[in-house]
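The values are calculated or read from the model by the stated rules, or taken from the named source; none is laboratory data. All values reported here derive from a predicted model rather than from experimental measurement. Neighbour counts are summed over all protein chains in view; Cβ atoms, including those assigned to glycine, are modelled from backbone coordinates with ideal geometry.
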Amino acid sequence: MSNPEPSPPSTHPAPVFAALGDATRLELVARLGDGQAHSIAQLTDGLSLTRQGVTKHLRVLEQAGLVKSSRVGRENQFSFAPEPIKLARSYLDTVAEQWDSALSRLKAFVEA
């Protein structure tokens, strides 16, 4: 059984939010946040999941563009890709500005 190819990076942050909506995947992103590539064995250490379980979570993160994998010898190495997080943050900044503007208009209306 072959793994699906990672999707090209999306211009919408929904896949990033969906991928990060799981505590295990958040933990894996935190572990990968050191900027180093890690093997499945390294990422599994200290978790109550099997290597197969961790691999499934990594594939979800890879589909969202948050993780990149590369083959090194007989192992796959996984590393963090920060670009989708930047996109999600930019989206949240835009939404925050929209809410701030709407609340300012509401305040002006109520106080008028």
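Could you list all residues from region 61-73 that are aliphatic (A, V, I, L, M), more than 15 Å from R31 (Cα to Cα) and either in contact with a Gly (Cβ under 6 Å, 6 or more places away or on another chain) or assigned to a strand (DSSP E or B) (or both)?
V72
Given the condition under 18 Å from V29 (Cβ atoms), outside any loop (DSSP other than H, G, I, E, B), in contact with a Ser or Thr (Cβ under 6 Å, 6 or more places away or on another chain) and modelled with pLDDT of 95 or more, answer yes or no: does some residue in region 74-84 qualify? Yes, that holds for at least one residue.
Using the structure shown, decide if R59 is over 24 Å from V16 (Cβ atoms) and either surrounded by 15 or more Cβ atoms within 10 Å (Cβ to Cβ) or not polar (S, T, N, Q) (or both). In short, no.
Of the helices (runs of 4 or more DSSP H) contained entirely in region 1-60, those carrying at least 2 residues that are among the polar types (S, T, N, Q) and modelled with pLDDT of 90 or more fall at 40-44. How about region 28-56: which of its residues are small (G, A, S) and loosely packed, with under 13 Cβ neighbours inside 10 Å? Within region 28-56, A30, G33, G35, A41, G46, S48 meet the criteria. Taking (1) out of contact with any Phe, Trp or Tyr (no Cβ under 6 Å at 6 or more places or on another chain); (2) closer than 22 Å to A14 by Cβ in turn, L32 satisfies each apart from (1).
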